[in-house]
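Presented below is the structure to which this report refers.
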Amino acid sequence: MRERYDAACHLLQRHFGFPRFRSLQGAVVRSVLAGRDTLGILPTGGGKSVCFQIPAVALGGYTLVISPLISLMQDQVASALARGIPAVSLAGPMTSSRIAAALDTVAAGGVRLLYTSPERLLRLVAELERRRLLPALLAVDEAHCIAEWGHDFRPSYRGLRRMRYRLGGPPVVALTGSATAGVRDEIITTLALGGRRRELDLHLGSFDRRNLWFGVRGVRSERERLEALLQLLAADDTMSIVYAPTRKATEGIASALRHAGHRAAAYHAGLDRTIRSHRLEAFLADEVDVMVATSAFGMGIDKPTVRLVVHWSMPPTPESYYQEAGRAGRDGAPARCVLLYRPGDATVHRRQLDVTFPSRSTLEAVWRGRVDPARLPKAVVDSADRLRRELHPERGEVDWRPVDRRRAAAQARIDAVERYARTRGCRRAAVLDYFGERAASCSGCDRCGRRDVPVLRDRAATRRLASLRRAVASVAAPWPGGLLDGETLARLAAHPPRTVEELAAVPGVGAPLAARFGRLLVDGLRDEPPPRDEAPVIHALLQWRDATAGALGIASIELMTERAIRAIAAAAPRDATTLARVGGLGPRAKAKFAAELVELIGRAVAQEKSEPASAVAGP
Ligand code: ADP
Ligand code: MG
C-alpha cells in the first residue's frame, strides 16, 4: 500500500508538478487506492480533480468520470491531455461512429479518464456492458447534483446506483464541495457507498476560507442597493463579480455600472454562446473588471484574482451563497464577500416554493383534469407534470412524504440564509455552523470588527497574468484558462520562470506541459519585450530583400518597404502566422517567402543573442 501511495505521489509530481498531495487529497487517494468507497468533501478550490485523476493513472484500465457540465468535462479533458494523461469525453451531440471510435480506444487500453454525463451514461452503459469495458473506478464529480433539492438536481443521477451495478460494481469516489449532513447522506444512499461489499471512507475538509471577509449591507430600496454596490466597487477592489437574481437584472446593473465608469459586463444563460464566451474571455483577460452574472456564471470558472463578490440580493440557499461568494480570493489573497440585503428579499424565494411544490389541491386538480392548465402559470403546470411522473397518482393513494420533506428542506435553507443576513453574531460562525463546522476564530467579518483587507497592487504581475492568459487562450480555445488552472497562472505571473526547465519545476505545471507549451508560456510571461538589438535582423532583412528583388528583376522597395523591415525586426516573428500578422509583405510574397524569412530572422536573432551586450533581461 505504502508503495502504491508513493507511486501516486510520483505521478502527481510527473503530471502536475505538485511536490505533494494536500493533506485531504492524500487521504482520499489512499482510500481510493485501497479499493474502498470514498466520499471526499473538499471546499471549492480544494483540489478535487487530482483525487480521481491520479488514481485513474495509478490504477490503470480506465476510470469513468461522471460530471455535470459539458464545458467542465471539456476543460478537464483538455488539461489532462496536456498533462500527459489520456482522457476523452463522451458528451453533447456525437455521432455513433465517434463514440465507437472512442470506445475502441478505451478497449485498447489507451484511455485513463472517460468523462460522461449521467444522462449519457444511461444510454452508454449497455454498450459498455456489451463490450465488457468495466471501469477500474467510478468517479462522481460535483456529487451534490445527486441531492434532491436545489437547482442542481438532475434526476439521472439517481440512476447511477444501477449503472454502477451494471458496470461490475467498481469502487466509487464521490467528490463535492457541499457539506451539509443531509446532502452527504443522500450521496451515500444514492450511490450505495459502503454497501455490503466495501468499506466507506469519509473525508471531510474544513470549509473555513481564512482569506475571505464576510459582510452584509442592509438596504431599504433598489436605489440603495445600487448606491451600496457603487460604494463597494469604488473601494480599491479590482476584479469583482456581482451575482444578481435574474437575467434582466444583470443587464440593468451592468449598464448602470458602465454608466458610472466601470468596465462591467452581464453574463447569463440567455446570452448567445459566442457573446458569452467572449465576455468570459474578456473577464479572464482582465479587460472587464466587474462581471454581473446570474448563478449560471459558476462551476468551472476559475479566476483566482477576484477580490470582491457582491450578492445583489439574498440567494435561496446557504450552499449557493457560500459557493458563489467562495469564487473570491481563490489565489489565497484577501478578498471580500458582501451580501446586499433588503428585508423581504426572502419573499421571492418563498413564492418560488409554491411553484416548485404546488399545493396538494392544485396538483390534484391538474392531475384529474379539473382545472384548465392554460389558466395556470406554465411553471406550475411543469411542476405538476414532474411530480406526476414521480408520485404516480394514477396508481392510487399518493405518498406525499418525499415531497413534503423536500419542501421543508428548501424552506429551511431559505430561513438559514435569512438568519445569516440578520445575525448579530459572527457571519463566519453562522456559515460554518450551517455546514456543521465550528469556526475556530474569525479572520474577518463585519460583526467581529473591521479588519482592513489589504489589496494586491502588483501591476506588473497583473499585466503578466493578462498576457499569459492570452497566450494560454490561443492554444486552449475555446476554453480559456483550461490549459492551466488559475492558481498556477497566478503563481507564474508572480514569479515568472525564465526558461522551460524552470517552468517545468513550477508547482502546477510539470514536465509534459512544459515540454509541449513551454516556449509559449515563457514568452507569454514577458509583458514587455526585453531590450533587444534589432540591428542584426534589419541588416539581414535588407540584404535578403536586395538580393531577392534583384533576382526577381523588381525594385527592392516593391518587395518590401524599410518601414516593414523595421516592424518585422521589432516583432522578430518565430513562425509564419506571426509574420503574417506583422504585415508589410503582400500575400503572394508571404506565401512564397514566409518560411525562408522566418528562418533568416531566427538565425539573425540567435547571432544577436550570442553577443553579451544584448543578453535577455527578465521582465
Ligand atoms: P476543486 O475541484 O476542488 O474546486 P480543483 O481540482 O479545480 O479544485 O483544484 C483547485 C486548485 O488547486 C487548482 O489550481 C489546482 O491546480 C490546485 N491543486 C490541486 N492539487 C494541488 C496540490 N497537491 N498542490 C498544490 N496545488 C494543488
Ligand atoms: Mg472541481
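The values are calculated or read from the model by the stated rules, or taken from the named source; none is laboratory data. Keep in mind that what you see is a predicted model, and the values were worked out from it rather than measured. For neighbour counting, all protein chains shown are included, and Cβ atoms are generated from backbone atoms with ideal geometry for every residue, glycine included. The accessibility values were calculated without ligands, DNA or RNA, using every heavy atom of the protein model including side chains. Shrake-Rupley method; radii C 1.70, N 1.55, O 1.52, S 1.80 Å.
Once you have a ≥ b ≥ c as the square roots of the Cα gyration tensor eigenvalues for the stretch 15-141, tell me rounded if a/c is under 1.5, and otherwise prolate or oblate according to whether a/b is larger than b/c. Before the final figure, lay out each step's value.
Working: a/c = 1.73, a/b = 1.61, b/c = 1.07.
It comes out prolate by the Cα gyration axes.
What distance in nm separates the simple spin-label points at residue 607 and residue 7, each placed 7 Å from Cα in the Cβ direction?
Here the answer is 5.4 nm between the modelled labels.
Taking H as built 1.01 Å from N, whose amide H comes closer than 5 Å to the amide H of residue 213, not counting residues under 5 places away?
335, 336, 337
Once you have all Cα-Cα distances for the stretch 248-313, histogram them in 5 Å bins from zero and send the whole-percent values.
Distribution as computed: 3, 17, 31, 30, 16, 3 percent.
In the stretch 113-183, which trypsin sites (Lys or Arg not before Pro) are in a loop and have at most 12 other Cβ atoms within 10 Å, using DSSP for the loop call?
On the way: sites: 120, 123, 130, 131, 132, 158, 161, 162, 164, 166; in loops: 131, 132.
Hits after loop and neighbour filter: 132.
In nm, what is the difference between 0.36 nm times the number of residues separating residue 582 and residue 95 and their Cα-Cα distance?
So the chain would gain 171.3 nm between residue 582 and residue 95.
Taking the square root of 5 times each eigenvalue of the Cα gyration tensor, what semi-axes in Å does the equivalent ellipsoid of the stretch 172-306 have, largest first? Could you put the intermediate results ahead of the total?
Working: eigenvalues 267, 67, 44 Å².
They are 37, 18, 15 Å, listed from largest to smallest.
May I ask you to compute the full-extension gain from residue 166 to residue 556, defined as 0.36 nm times their residue separation minus their alpha-carbon distance, rounded to one decimal in nm?
Extra length from residue 166 to residue 556 when fully extended: 133.0 nm.
Let me have the relative contact order for the stretch 140-238, percent, based on Cα pairs under 8 Å that are six or more residues apart. Intermediate values should be presented prior to the final figure.
Numbers: 59 pairs, mean separation 24.1, N = 99.
About 24 percent, as a whole number.
Along Cα→Cβ, 7 Å out, is where each label goes; now give me the distance between the ones at residue 360 and residue 70 in nm to one decimal.
For residue 360 paired with residue 70, the spin-label model returns 4.2 nm.
Return the long-range amide H neighbours of residue 311 (sequence gap of 5 or more, or a different chain), with a cut-off of under 5 Å between placed amide H atoms.
243, 338, 339, 340
7 Å from Cα along Cα→Cβ at both residue 570 and residue 230: what's the point-to-point distance in nm?
4.1 nm
What full-extension length gain, to one decimal in nm, is calculated for residue 390 and residue 494 as 0.36 nm per residue of separation minus the Cα-Cα distance?
Values: separation 104, 0.36 × 104 = 37.44 nm, distance 5.32 nm.
So the chain would gain 32.1 nm between residue 390 and residue 494.
Calculate I(q)/I(0) for the chain by the Debye formula, one identical point scatterer on each C-alpha and no solvent, and give its log10 at q = 0.08, 0.11 Å⁻¹ to two decimals.
Values returned for q = 0.08, 0.11 Å⁻¹ are -0.69, -1.18.
Using only the C-alpha atoms of the stretch 496-581, find the volume of their convex hull and express it per residue in Å³. Mind dumping the intermediate values first?
On the way: hull volume 10.3 nm³, N = 86.
Considering the Cα atoms of the stretch 496-581, their hull volume per residue is 120 Å³.
Applying 1/(1 + (r/R0)^6) with R0 = 41 Å to the Cβ-Cβ distance of residue 108 and residue 277, what FRET efficiency is obtained, to the nearest 0.05?
The formula returns an efficiency of 0.75 here.
What translational diffusion coefficient, to the nearest whole µm²/s, does the stretch 342-458 have by Stokes-Einstein, given a Kirkwood radius computed over alpha-carbon pairs, a temperature of 4 °C and 1.567 mPa s viscosity? Let's see the in-between values first.
Values: Rh = 17.7 Å.
Rounded, D is 73 µm²/s.
Calculate how steeply helix 562-571 sits against the longest principal axis of the alpha-carbon atoms of the chain, using the helix alpha-carbon long axis, and give the answer as 0 to 90 degrees to the nearest 10.
50 degrees
Roughly how many Å² is the accessible area per residue of the chain, as a whole number, for a 1.4 Å probe? Could the numbers behind the result be given before it?
Numbers: 29040 Å² over 619 residues.
I get 47 Å² per residue for the chain.
In the stretch 152-236, what GluC sites (Glu not before Pro) fall in a loop by DSSP, with at most 15 other Cβ atoms inside 10 Å?
On the way: sites: 186, 199, 222, 224, 227; in loops: 199.
Counting only loop positions with at most 15 other Cβ atoms within 10 Å, the GluC sites (Glu not before Pro) in the stretch 152-236 are 199.
With an 8 Å Cα cut-off and a minimum separation of 6 or more residues, compute the relative contact order for the stretch 5-153 in percent.
Values: 175 pairs, mean separation 39.5, N = 149.
Value for the stretch 5-153: 27 percent.
Let me know the shape class of the stretch 24-81, please: from the alpha-carbon gyration tensor, a ≥ b ≥ c as square roots of the eigenvalues, rounded when a/c is under 1.5, otherwise prolate if a/b is greater than b/c, or oblate.
Because a/c hits 1.5 or more and a/b fails to exceed b/c, the stretch 24-81 counts as oblate.
Give me the dipole magnitude in Debye, nearest 20, for the chain about the Cα centre, with unit charges on the beta carbon: positive for Lys and Arg, negative for Asp and Glu. All intermediate terms of the calculation are to be shown ahead of the outcome.
Details: 92 positive and 67 negative charges, 270 e Å.
Taking the Cα centre of the chain as origin, the dipole is about 1300 debye.
Taking the Cα centroid of the stretch 43-114 and of the stretch 488-503, what is the distance between the two, rounded to the nearest whole Å?
27 Å
No partner Cβ under 4.7 angstrom, meaning no disulfide-compatible partner by this rule: which Cys of the chain qualify?
9, 51, 145, 337, 426, 445
What part of the accessible area of the chain, given as a whole %, is carbon or sulfur when the probe is 1.4 angstrom? Write down the numbers at each step before the final one.
Working: 15160 of 29040 Å².
On the chain, the fraction of accessible area on carbon and sulfur atoms equals 52 percent.
Just name one of 146, 497, 312: the one whose Cα is farthest towards the positive end of the charge dipole of the chain (beta-carbon charges, Lys/Arg +1, Asp/Glu -1).
The one lying farthest along the dipole's positive direction is 146.
In what sequence, largest accessible area first, do 248, 48 appear using a 1.4 Å probe? Intermediate results must be reported in sequence, preceding the final value.
On the way: 248 170, 48 25 Å².
From most exposed to least exposed: 248, 48.
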